[in-house]
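The values are calculated or read from the model by the stated rules, or taken from the named source; none is laboratory data. Everything numeric in this text was worked out from a predicted model, so none of it was measured. Because the Cβ atoms are built from the backbone with ideal geometry, glycine has one as well, and the counts that use them run over all protein chains shown.
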Amino acid sequence: MKIYTRTGDDGTTSLFAGGRVKKDNARVEAYGTVDELNSILGVIRAVSKDNFINETIKDIQNLLFVLGSDLATPIGVESIKVKRITKDDVEKIERLIDKVDESLEPLRSFILPGGTFLASFLHLARTVCRR
């Protein structure tokens, strides 16, 4: 099976449930950014030896796959069942942020990205996520 189709040579791409949009469509930009973030998180898991970080990131990556398929499937498409990001998913991430935040010193200034190799990739993931 080839990994390219040539169906996008005209500047369009297929949505998950059918239909085509231009490759510069905001939806395509959004799920491309989600895919980029997921890839960076994969690099972090590959270099991290911390079980908490790796398991947490794996959970986030699974949610990002759901988000990517959610973004690639227009609302109202009933021909296929696509798991959508839910309020519970968002609340799960917020609880995780709160848990990690409890162990940190209060921020009094911005943090210059860098430090360790792992910290640098975490900063990169943070910036892609903000986008």
Here is a list of conditions, (1) more than 21 Å from Gly32 (Cβ to Cβ); (2) surrounded by 14 or more Cβ atoms within 10 Å (Cβ to Cβ); (3) at pLDDT below 95, and Gly68 meets all of them except one; can you say which number that is? (1)
Do you know which of the residues in region 79-110 that are in contact with a helix residue (DSSP H, G or I) (Cβ under 8 Å, 6 or more places away or on another chain) and in a loop (DSSP other than H, G, I, E, B) is farthest from Leu15 (Cα to Cα)? Ile85
Name every residue in region 1-28 that is within 19 Å of the chain's Cα centre (by Cα) and surrounded by fewer than 13 Cβ atoms within 10 Å (Cβ to Cβ), in order of residue number. Asp24, Ala26
Could you tell me which residue of region 29-46 is farthest from the chain's Cα centre (by Cα), considering only residues that are aliphatic (A, V, I, L, M) and under 23 Å from Gly76 (Cα atoms)? Ala30
Can you tell which of Leu63, Leu104, Leu37, Leu96 is of a type in the set (A, V, I, L, M, F, W, C), surrounded by 13 or more Cβ atoms within 10 Å (Cβ to Cβ) and at pLDDT below 95? Leu96
Residue selected from region 45-74 under the condition outside any helix (DSSP H, G or I) and of a type outside the set (Lys, Arg), by the criterion farthest from Asn25 (Cα to Cα): Asp50
When you scan region 111-131, how many residues do you find that are part of a loop (DSSP other than H, G, I, E, B), touching a residue at least 60 places away in the same chain (Cβ under 8 Å) and β-branched (Val, Ile, Thr)? 0
Candidates Leu67, Leu15, filtered to the one that is in contact (Cβ under 8 Å) with a residue 12 or more places away in the chain and within 18 Å of Cys129 (Cα to Cα): Leu67
